[in-house]
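Novice: One structure, as structure tokens, below. Some questions next.
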Amino acid sequence: MSDLEQFRAETRAWLAENCPEEMRDGDITAENQCWGGRQWEFQSDAQKRWFEAALAKGYTVPTWPKEYGGAGLTADEAKILDEERNRISARKPLSNFGISMLGPALLAFGTHEQKLMHLGAIARGEIRWCQGYSEPGAGSDLASLKTKCEDKGDHWLINGQKIWTSNADISDWIFCLVRTDFDAPKHKGITFILMDMASEGISVKPIILISGHSPFCETFFDDVKVPKAYGDGNLAVVGEVNRGWDVAKNLLVHERGMLGTMSPLRGATGPENLGGYAADAIGFDETGRLDDPSLRQKIAQAEIDDWAYNLTVERMNDEANAGNGLGAKSSMLKYAASELTKKGSQLRMDIGGTEAATIGPDGIEYGSLANTWLYNRAYSILGGTTEVQLNIISKRVLDLPSA
Amino acid sequence: MSLILTEEQEMLQDAANGFLTENAPVAAFREIRDSKNPDGFSRDLWKEMAAMGWAGIIVNEEYGGSEFGYVGAGVLAEQMGRNLTASPFFSTSVLGATAVQRYGTAKQKEQHLGAICDGSTLFALAVDEGPRHRPEHIEFTATPHGNGYKLSGAKTFVADGHVADKLIIAARTSGEARDPSGITLFLVDADAAAIERTHTPMIDSRNAANITVDDLEVTGDDILGEVDGGYEALEGILSAGRAVLGAEMSGSSQQAFDITTDYLKEREQFGQKIGSFQGLQHRAAHLATEIEMTKSAVLKSLQLLDDDFESASATCSMAKAKSGMTAQLSTQEAIQMHGGIGVTDEYDVGLYFKRVHVAQQMFGDAGFHADRLAKRSGY
């Protein structure tokens, strides 16, 4: 038996023993996933047991080095772990922005001390992070951000505002882009900084969306003092002062990669496929076909696109593991996933007809078709709009000329 | 299995790319077209391809093949799609070889596979009986006669039927016109007196034939696969054909796209490179994304044919749908983004547009396969 075969056998046995039945429904949603953080309360005993078992093994962050709380798995091993986990439809034991976004950026740009402090806490689910990128005047044009960060000797002084900070109201720390030099060209005066959300001067206000609910918040910084360092070598700033754009770009690739690996047509409102949902809702004609030929054709086309998309995620992962990094191609996945997600929920609403357009006595019900459909409008905006992704593909993948 | 090519497959890809760019570029295809070459391809080139092991790409080594499997066949087809190479590869090395190797008797394999590998025998598959692909819809009859059958009927659009030495004919031995059961495959000599072949040149300048058969007497030895159970074999042959056509269209999509992006980087209008216009950039970026999706779909279907042939049908069907949609979009956009020059005969993109249209129609377009997916999924 090769080492990898051995690893697969061990992983399979470990999962069988340690992943509780209740965690094997395969349908991970924002509501049922384990986010971690100071305010986190496990939703069930099974969720807690699964988290603790994974943590003991380093499997909350399997590819991170052991000294930072991971299991130090190779790409091949990590793929096997994923495959075996998917085989039994096991949820991830822990998912959050610390794992998917900050972690990879710290691994690439952080000091050893920064990694020790922050990566360990992320791996153990102790700290939940949110992202302070967008500002009211700096959305798609992210680099025009204006949140001001001044050097006050032993500390940084921060004033300004962020927007669309997902889950800022329940997060413990924020990784943030701030402007440290207003005179430099706009990409050159930005710094990437980490701060505790409990710091004096930070306030948060949730944003209500057309869907009636949302994880988004506005975050305000009013004379916030951030220490230069949280201990020896453990600076608040990641990378160099005024060179935060490099860190930000690296992180955006991970964000797009993450957003791009959403499963567009599944999971959003239940595990069933679109065609099955339509068959239940609409019924069949006398030839046994869905009693709405135009909808039937649209659903089938969307399912083919969805299938090809999921294979592309798999292929790009395989290529990355073989040494061909995803780079700007993550924009292709982000673009395709967000458009397909919108298409899928639009089709669900069309199948549901007027029934799906009704709301309850307390407004749009959380988790309803309509709620999801409305919320999904945001996918082609957040994390860089569809238009921004197309610009990135044009310039960085296709090398088309600039105006 | 990883969704990437192995080192061996990559070497085959490089070799095919090198050989075809040099020996069968679009210019060679134009020459075949403009000289009204009655075969529609170069027999010398086909001999060379056979000598390199391409004609027997999916055939097992014991019969003289190179045993590269369907991924190997797809790798070649993709490069042929890039160069618009005309050859009997698809009809003989994919359809013919799949039919004989998977469904033939020991005697049939012995008799035909070697001849496929050395390029000496050309095959064609006769399925459709009307303008649209409907493989269950077979009226062509095989009536019991003595120890064998008499075949009669008509077939349309038999790709390479005009040059084939052997024909595989799907005929009805029982049941009604639209039944999948009751179909039997026959492997017959194409130059039999009872067979009349009418050469029907296609818009892509490849060649096909309409075929009428009038009381052709055949024996049990001419049956390929099971009597009345031929649909399963037909489905297997068509699956292989769909995946490989998908690979060919994927290559054509990529090539038409590459020609177009090169043009976008060179051509100036309004004092700027037209590739700097966002209206064109966004469409190009969308197309690049669709091409990536298509490559994944095609590779998956080819891998599945090698890995678990019987279960590959649905996947091949979806890959054909996806690659057809993308190829149509890619070649339409190629013409549009080129402007006027795109619709001239001297410019290549129009040739891709025409070939892709025929490949899209062959063995079912995207709508046909979407319908199959819906049926299979129960809606």
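Novice: Could you state the principal axis extents of the C-alpha atoms in the stretch A:314-387, from the largest down, to the nearest angstrom?
Specialist: 54, 21, 19
Novice: Among bridges DSSP assigns within chain A, what percent are antiparallel (round to 5)?
Specialist: Working: 30 of 36 bridges.
Bridges in chain A that DSSP calls antiparallel: roughly 85 percent.
Novice: Hey, another quick one. Quick one: putting +1 on the C-beta of Lys and Arg, -1 on the C-beta of Asp and Glu, what dipole do you get for the stretch B:124-228 around its Cα centre, in Debye to the nearest 20?
Specialist: 320 debye
Novice: Which one of B:81, B:13, B:95 has its Cα pushed farthest toward the positive end of the charge dipole of the stretch B:7-122, where Lys and Arg give +1 and Asp and Glu give -1 at the Cβ?
Specialist: Highest projection toward the positive end goes to B:95.
Novice: Between rounded, prolate and oblate, where does chain B land on the alpha carbon gyration tensor, with a ≥ b ≥ c its root eigenvalues, rounded for a/c under 1.5, else prolate if a/b exceeds b/c?
Specialist: On the way: a/c = 1.74, a/b = 1.68, b/c = 1.04.
Prolate shape, in that a/c is at least 1.5 and a/b is the bigger ratio.
Novice: Going by a ≥ b ≥ c, the root eigenvalues of the Cα gyration tensor, does the stretch A:119-261 fall in the rounded group (a/c under 1.5), the prolate group (a/b larger than b/c) or the oblate group?
Specialist: It is rounded, given that a/c, with a ≥ b ≥ c, falls under 1.5.
Novice: If you line up the long axis of helix A:3-18 against the longest principal axis of chain A, both from Cα atoms, how many degrees apart are they, to the nearest 10?
Specialist: The angle comes out near 80 degrees.
Novice: Anything over 27 Å Cα to Cα? Flag those among A:186/B:295; A:188/A:225; A:66/A:148; A:57/A:162; A:92/A:395; A:115/B:295, in the order listed. Spell out each step's value before the answer.
Specialist: Details: A:186/B:295 39 Å; A:188/A:225 23 Å; A:66/A:148 37 Å; A:57/A:162 37 Å; A:92/A:395 35 Å; A:115/B:295 38 Å.
In this structure, A:186/B:295; A:66/A:148; A:57/A:162; A:92/A:395; A:115/B:295 exceed 27 Å between Cα atoms.
Novice: Okay, next question. By the gyration tensor of its Cα atoms, with a ≥ b ≥ c the square roots of the eigenvalues, what is the shape of the stretch B:232-376: rounded for a/c under 1.5, prolate for a/b over b/c, or oblate?
Specialist: prolate
Novice: Moving to a separate point now. Among B:2, A:213, B:183, pick out the residue whose Cα is farthest towards the positive end of the charge dipole of the protein assembly as shown, where Lys and Arg carry +1 and Asp and Glu carry -1 on C-beta, about the Cα centre.
Specialist: It is A:213, whose Cα lies furthest towards the positive end.
Novice: Which whole number gives the average, over all residues in B:254-263, of C-beta atoms from other chains lying within 10 Å of the residue C-beta?
Specialist: Other-chain Cβ atoms within 10 Å of each residue's Cβ, averaged: 1.
Novice: Another question about this same structure. Test of understanding: in a Gaussian network model of chain A with alpha carbons linked when under 10 Å, which of A:359, A:80, A:99 would top the mean-square fluctuation ranking?
Specialist: A:359
Novice: With springs only between Cα atoms under 10 Å apart, run a GNM on chain A and tell me which of A:367, A:132, A:103 wobbles the most.
Specialist: A:367
Novice: Would you calculate, for chain B, the mean residue ellipticity at 222 nm contributed by helices, counting each DSSP H stretch of 4 or more residues as -39,500 (n - 2.57) and dividing by all residues, to the nearest 500?
Specialist: Only helices count here, giving -16500 deg cm²/dmol.
Novice: If you build a Gaussian network model of chain B, linking Cα atoms that sit under 10 Å apart, which residue out of B:237, B:341, B:57 swings the most?
Specialist: B:341
Novice: Compute the long axis of helix B:7-23 from its Cα atoms, compare it with the longest principal axis of the Cα atoms of chain B, and write down the angle in degrees, 0 to 90, nearest 10.
Specialist: Once rounded, one gets 80 degrees.
Novice: Give me the aspartates and glutamates in straight-line cross-link reach of residue A:48: C-alpha distance below 12 Å, same-chain residues under 8 apart excluded.
Specialist: List returned: A:22.
Novice: Same structure again: About the Cα centre of chain B, how large is the charge dipole given +1 on each Lys and Arg Cβ and -1 on each Asp and Glu Cβ? Please answer in debye to the nearest 20.
Specialist: 1100 debye
Novice: Which one of A:293, A:138, A:372 has its Cα pushed farthest toward the positive end of the charge dipole of chain A, where Lys and Arg give +1 and Asp and Glu give -1 at the Cβ?
Specialist: Positive-most Cα among the choices belongs to A:138.
Novice: For residue B:300, go through the lysines and keep the ones whose alpha-carbon is under 16 Å away, minus same-chain ones fewer than eight residues off.
Specialist: Partners found: B:320, B:322.
Novice: For chain A, what relative contact order do you get, as a whole percent, if you take Cα pairs closer than 8 Å and at least 6 residues apart?
Specialist: Computed value for chain A: 13 percent relative contact order.
Novice: For chain A, find the longest principal axis of its Cα atoms and tell me its angle to the long axis of helix A:244-259, 0 to 90°, nearest 10.
Specialist: 20 degrees
Novice: Compute the Kirkwood hydrodynamic radius of chain A, taking the inverse of the mean of 1/r over all pairs of distinct Cα atoms, and give it in Å to one decimal.
Specialist: For chain A, inverting the mean 1/r across all distinct Cα pairs yields 22.8 Å.
Novice: Under a point-charge model restricted to the Cβ atoms of Lys and Arg (+1) and Asp and Glu (-1), what is the dipole moment magnitude of the protein assembly as shown relative to its Cα centre, in debye to the nearest 20?
Specialist: 1960 debye
Novice: Right, here's the next one. Once phi is turned into ³J(HN,Hα) by the Karplus curve 6.51 cos²θ - 1.76 cosθ + 1.60 with θ = phi - 60°, what whole-Hz value does each residue of the stretch A:134-140 show in order, with x for glycine and proline?
Specialist: With the stated coefficients, the stretch A:134-140 comes to 5, 10, x, x, 9, x, 4 Hz.
Novice: How large is the Kirkwood hydrodynamic radius of the protein assembly as shown, counting all unique pairs of alpha carbons, in Å?
Specialist: It is 29.1 Å.
Every number here is computed from the coordinates shown, using simple stated rules; none is lab data. Since the model is a prediction, treat every value here as computed from it, not as a measurement. Here the Cβ is made from the backbone with ideal geometry for all residues, glycine too, and neighbour counts use every protein chain on show.
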